[in-house]
Amino acid sequence: MNRYDSDQERTFAALPPARGRGFAQTWWGRAWLTALEDGALDGEQVRTGRRLARAGGVGAVSVRPGRLTAVVHDRDRTPHRADVLVDVLTDAQWDRFLDLTVERAGHVAALLDREMPPHLVEDAETAGIDLLPGLGDLEARCDCGAWDHCGHTAALCYQVARLLDQDPFVLLLLRGRAEQALLDDLQARSGAEPAGTAQPPEGVDAAEAYLTGHVLPALPPAPELPQAPGVPPSWDTDAPPPAGVDLAALRALAARTAAEAHTLLAEALRRGTDRGARLEPLTVAQDAVRLAAGRPEDSDMARPLADRLAVGSGRSREQLALAVVAWRFGGAAALAVLEEEWTVEGEALARARAALESSWEEDERPALRARGNRWTVVGAPGQLRLGRDGRWWPYRKERGRWVPAGGAAQDPATALASVRTDDETAPAPGGSGLR
């Protein structure tokens, strides 16, 4: 997709139109767009840029330290050269950033997997190194004569968000370091012998031992992830279980715990642990759905467990099955969207309407009928539901009921594009928009 013109420049071929999808799927791609959308003085120009980018109006994108460049075509195909400038990091800042990167084994692995570790960005900010741009950091220049972001520079930023999703090294090059040079520096630092002794000698004063903490060797590498969750031990004794203990339920709970532990370990090894994360406690009804989502489907205990969990969750078996589908798409947030209908009003309604209006070109926008936080596609089995956090969830009508059809998206067009039916890949356009 890209070619190297030199160590300090990458040129990316023009991407196809982004109809029916969002521009940023990763957290760092969304942070990039937040810097654009919050920093631009003219929101209409930003919306124009989004439409130009969605229609495929951005040509090949050149990325080099401190500058993005592309030719952007207006809807009448008039070309304009658009540039976006970003400050590069100093050599001292790069040295600190490289030191921070090798401190955790997972950081380098994540970068090689084309992921931007959030802990690395947070640690860099604490050290005075801003990798992601903030308010006012994206300086726009265009031959159309605009003094702030115009539609052309905004379109370039939207297109670059798609590039960042695929490869965070694009951001690092923009900040001043090419990928290979960065990896060479990281390898050199990772292979360096730690200074000083591995441990303070026996009998050293506690204060002295504390002061030598910075010369201790790095932690050993993380263990490899097992291929599958462990198998819990079985109740293989002839003694009867204690009163009130359901062996089938106990086996299912142990198997679910092992699977959840395996998932959490995989996530920790891939991204690095997040010690600051805190999960909201689940209600009994929510936890019953969580357990049902992880229960074995093909065993003799599946039906009894499903019946017990349905009763525990306060739902019928059919309602529980629907709740499980939602849970598997997005946990408690998806379950709330399935079961709660609420009135969207005030600022939330204004934001929702603006998102719906700007996500499609006028000739592509589906006709939508609104009720509460639900927008139903007229004449097609598709529906959008707005969560209280501002995200959009797709639904599809099956046998007279609305069924979750995918995970949440910030952009309604992206969410609706994930709805699949037997006859179409997305609801057909038509009508004039909101009703």
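Here are a few things to note about the model shown:
- Residues that are among the basic types (Lys, Arg) and crowded, with 20+ Cβ neighbours inside 10 Å number at least 1 in the following helices (runs of 4 or more DSSP H) confined to region 1-120: 43-54.
- The condition of being on the phi < 0 side of the Ramachandran plot and crowded, with 21+ Cβ neighbours inside 10 Å holds for only one of 186, 173, that being 173.
- Residue match in region 36-47 (condition: of a type in the set (Val, Ile, Thr), farther than 22 Å from residue 135 by Cβ, more than 21 Å from the chain's Cα centre (by Cα) and modelled with pLDDT of 85 or more): no
- Check on residue 421, surrounded by 15 or more Cβ atoms within 10 Å (Cβ to Cβ), at pLDDT below 80, within 27 Å of the chain's Cα centre (by Cα) and not in a helix (DSSP H, G or I): yes
- Within region 141-152, the set of residues being touching a strand residue (DSSP E or B) at 6+ places or on another chain (Cβ under 9 Å) and open to solvent by 20 Å² or more (accessible area, probe 1.4 Å) comprises 141, 142, 143, 144, 146, 147, 148.
- Taking the numbered list (1) among the hydrophobic types (A, V, I, L, M, F, W, C); (2) part of a loop (DSSP other than H, G, I, E, B); (3) crowded, with 21+ Cβ neighbours inside 10 Å in turn, residue 131 passes all entries but (3).
- Filter result for residue 272 (buried (at least 16 other Cβ atoms within 10 Å of the Cβ), within 30 Å of residue 100 (Cβ to Cβ) and modelled with pLDDT under 65): yes
The values are calculated or read from the model by the stated rules, or taken from the named source; none is laboratory data. Computed from a predicted structure; not experimentally measured. Note that we place each Cβ from the backbone using ideal geometry, even for glycine, and neighbour counts take in every protein chain shown. Note: accessible area is taken over every heavy atom of the protein model, side chains too, but ligands, DNA and RNA are not part of it. Shrake-Rupley method; radii C 1.70, N 1.55, O 1.52, S 1.80 Å.
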